[in-house]
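Undergrad: The structure is given below, and queries will be raised subsequently.
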Amino acid sequence: MRLRHIKGAEETIAANKYVVQDPTAIKGKWSDFFREIREDDDDHPLHIEVGMGKGRFIMDMAEANPDINYIGIEMYSSVLLRGLQKMEERDLNNLRFLRIDARYIEDAFAPGEADRIYLNFSDPWPKDRHAKRRLPSRQFLNRFHNILNDSGTIEFKTDNRDLFDFALEEIAPGGFEPVVTTFDLHADEELCRGNIMTEYEEKFSSIGNPICKYVIRKNNAT
Ligand SMILES: C[S@@+](CC[C@H](N)C(=O)[O-])C[C@H]1O[C@@H](n2cnc3c(N)ncnc32)[C@H](O)[C@@H]1O
C-alpha cells in the first residue's frame, strides 16, 4: 500500500505521542516502556505487526487483548498517518507504532524480546529479483527469528496464492517449522474463531478470494 504523499505527514508523525521516535533507545526495554505508559508492574507479552498499513487489525487486537502489548510497524508516513488519526479516537495504552523499514527490525528489538509477529497481506513483490523484499522471505524470517523468544510464532495471512506458496517454501530456510496451514481460513470454523480481519482481508474476502494462513514457530535447532 502506498498512498499519495501527504504534505506534512513526516512532521505530524515526528510529533505524535503514539509513535516511538527512537526505538533503538528502547531496544531490550520494551517491557519497562509499556509498564510506564500502562502504569502497572506486570510483564505482558509483546506482539508486533509488520506492515500494518492503516492499522485497523492491530488496533482491534490491542483493544480485544488488553493483557498484551502491541507494536505496529509501517514504513510509509502517509499510510501510518491514517492509522494515527484512528488511534487518537481509541487512545490504547498497550499499542504504539514505529515508522521504520522492517529490514532494520533488529535495531529496535533485542534478541528474544518478542513473542509473536503478524504479517498480514504483505506486498507480493512478484518479480523474482525482488523476492528478498517479501516479508515472508527467508531473509526477513531470519531477522524475525533473532528477535522472537524460543517459543515465538509468526502468523501470516494473504489472499495471494503465489506469495503463500513461496512463503511455505521459505519456512524451513528461515529457521521455522509449520504449526498450522490453511488455504481457506474463512471456511475453517476452528481456525477462524476469534479471527480479526485486516482492511485487505475484508476487501479481498468480500470479492470471494480465499484467505490463506499459516502459523509457524521457531525451530530452535537452527
Ligand atoms: C498490502 S499492505 C497490507 C496492510 C495491512 N496489513 C492489511 O492487511 O490491511 C502492506 C503494508 O506493508 C508495508 N510494508 C511493506 N514492506 C515493509 C517493510 N519492509 N517495513 C515496514 N512496512 C512494510 C507497506 O508499506 C504496506 O502499507
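The values are calculated or read from the model by the stated rules, or taken from the named source; none is laboratory data. This is a predicted model, so every value here is computed, not measured. Cβ: placed from backbone, ideal geometry, glycine included. Neighbour counts: every protein chain shown.
Undergrad: Where residues in region 17-44 are β-branched (V, I, T) and buried (at least 17 other Cβ atoms within 10 Å of the Cβ), which of them is farthest from the chain's Cα centre (by Cα)? Break it down into steps so the answer makes sense when it comes.
TA: Filtering region 17-44 for residues β-branched (V, I, T) gives 19-20, 24, 26, 37.
Those still in the list that are buried (at least 17 other Cβ atoms within 10 Å of the Cβ) too: 19-20, 26.
Working: V19: 15, V20: 16, I26: 18 Å.
The extreme case among them is I26.
Undergrad: Within region 56-79, which residues are more than 8 Å from the ligand (Cβ to nearest atom) and under 19 Å from F33 (Cβ atoms)?
TA: I58, M59, M61, A62, N65, P66, D67, I68, N69, Y70, I71, G72
Undergrad: Pull up region 139-156, narrow it to residues that are part of a strand (DSSP E or B) and charged (D, E, K, R), then point me to the one that is surrounded by the most Cβ atoms within 10 Å (Cβ to Cβ).
TA: E155
Undergrad: May I pose another question? Check L84, L46, L95 and return the single one that is in contact with a strand residue (DSSP E or B) (Cβ under 6 Å, 6 or more places away or on another chain) and over 28 Å from K132 (Cα atoms).
TA: When all the criteria are applied, what remains is L95.
Undergrad: Going through region 2-16 one residue at a time, which ones are surrounded by 12 or more Cβ atoms within 10 Å (Cβ to Cβ) and more than 14 Å from the ligand (Cβ to nearest atom)? Break it down into steps so the answer makes sense when it comes.
TA: Keep residues of region 2-16 that are surrounded by 12 or more Cβ atoms within 10 Å (Cβ to Cβ), which gives 3, 6, 9-10, 12-13, 16.
If the condition is that a residue be surrounded by 12 or more Cβ atoms within 10 Å (Cβ to Cβ) and more than 14 Å from the ligand (Cβ to nearest atom), then E10, T12, N16 are the ones that fit.
Undergrad: Only one of L84, L98 is modelled with pLDDT under 95, within 16 Å of the ligand (Cβ to nearest atom) and out of contact with any His (no Cβ under 8 Å at 6 or more places or on another chain); which?
TA: Step by step, each of L84, L98 is checked, and only L84 is modelled with pLDDT under 95, within 16 Å of the ligand (Cβ to nearest atom) and out of contact with any His (no Cβ under 8 Å at 6 or more places or on another chain).
Results for (1) within 11 Å of the ligand (Cβ to nearest atom); (2) in contact with a Pro (Cβ under 9 Å, 6 or more places away or on another chain); (3) of a type outside the set (A, V, I, L, M, F, W, C), shown as yes or no for each residue.
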| position | (1), (2), (3) |
| --- | --- |
| Y118 | yes, no, yes |
| R133 | yes, no, yes |
| F140 | yes, no, no |
| N146 | no, yes, yes |
| E155 | no, no, yes |
| I171 | no, yes, no |
| E177 | no, no, yes |
| G194 | no, no, yes |
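Undergrad: Now for a separate question. Are there any pairs with C-beta distances below 7 angstrom linking a residue in region 16-44 that is over 21 Å from L148 (Cβ atoms) and in contact (Cβ under 8 Å) with a residue 40 or more places away in the chain to a residue that is polar (S, T, N, Q) and part of a loop (DSSP other than H, G, I, E, B), with the two at least 6 apart or on different chains, and if so which?
TA: Within 7 Å, the pairs are I37/N93; R38/N93; R38/N94.
Undergrad: Also, quick follow-up: Please find, within region 69-99, the residue that is nearest to E11 (Cα to Cα) out of those that are β-branched (V, I, T) and touching a residue at least 40 places away in the same chain (Cβ under 8 Å).
TA: Per the stated criteria, the residue is V79.
Undergrad: With respect to Y76, is the statement that it is modelled with pLDDT of 95 or more, closer than 19 Å to R99 by Cα, hydroxyl-bearing (S, T, Y) and touching a helix residue (DSSP H, G or I) at 6+ places or on another chain (Cβ under 9 Å) true?
TA: Here the answer is no, as Y76 does not meet what is asked.
Undergrad: Check every one of the helices (runs of 4 or more DSSP H) wholly within region 157-222 and list those with 1 or more residues that are under 21 Å from D115 (Cα atoms) and among the acidic types (D, E).
TA: Working: elements: 161-170, 189-192, 199-206.
So the answer is 161-170.
Undergrad: For region 22-32, does any single residue satisfy the condition of being more than 26 Å from P173 (Cα to Cα), hydroxyl-bearing (S, T, Y) and either at pLDDT 95 or above or out of contact with any strand residue (DSSP E or B) (no Cβ under 6 Å at 6 or more places or on another chain) (or both)?
TA: yes
Undergrad: Just to be sure before I move on: is E199 within 11 Å of the ligand (Cβ to nearest atom) and either under 16 Å from R217 (Cα atoms) or surrounded by fewer than 20 Cβ atoms within 10 Å (Cβ to Cβ) (or both) in the structure I sent?
TA: On the way: within 11 Å of the ligand (Cβ to nearest atom): yes; either under 16 Å from R217 (Cα atoms) or surrounded by fewer than 20 Cβ atoms within 10 Å (Cβ to Cβ) (or both): yes.
It is true that E199 is within 11 Å of the ligand (Cβ to nearest atom) and either under 16 Å from R217 (Cα atoms) or surrounded by fewer than 20 Cβ atoms within 10 Å (Cβ to Cβ) (or both).
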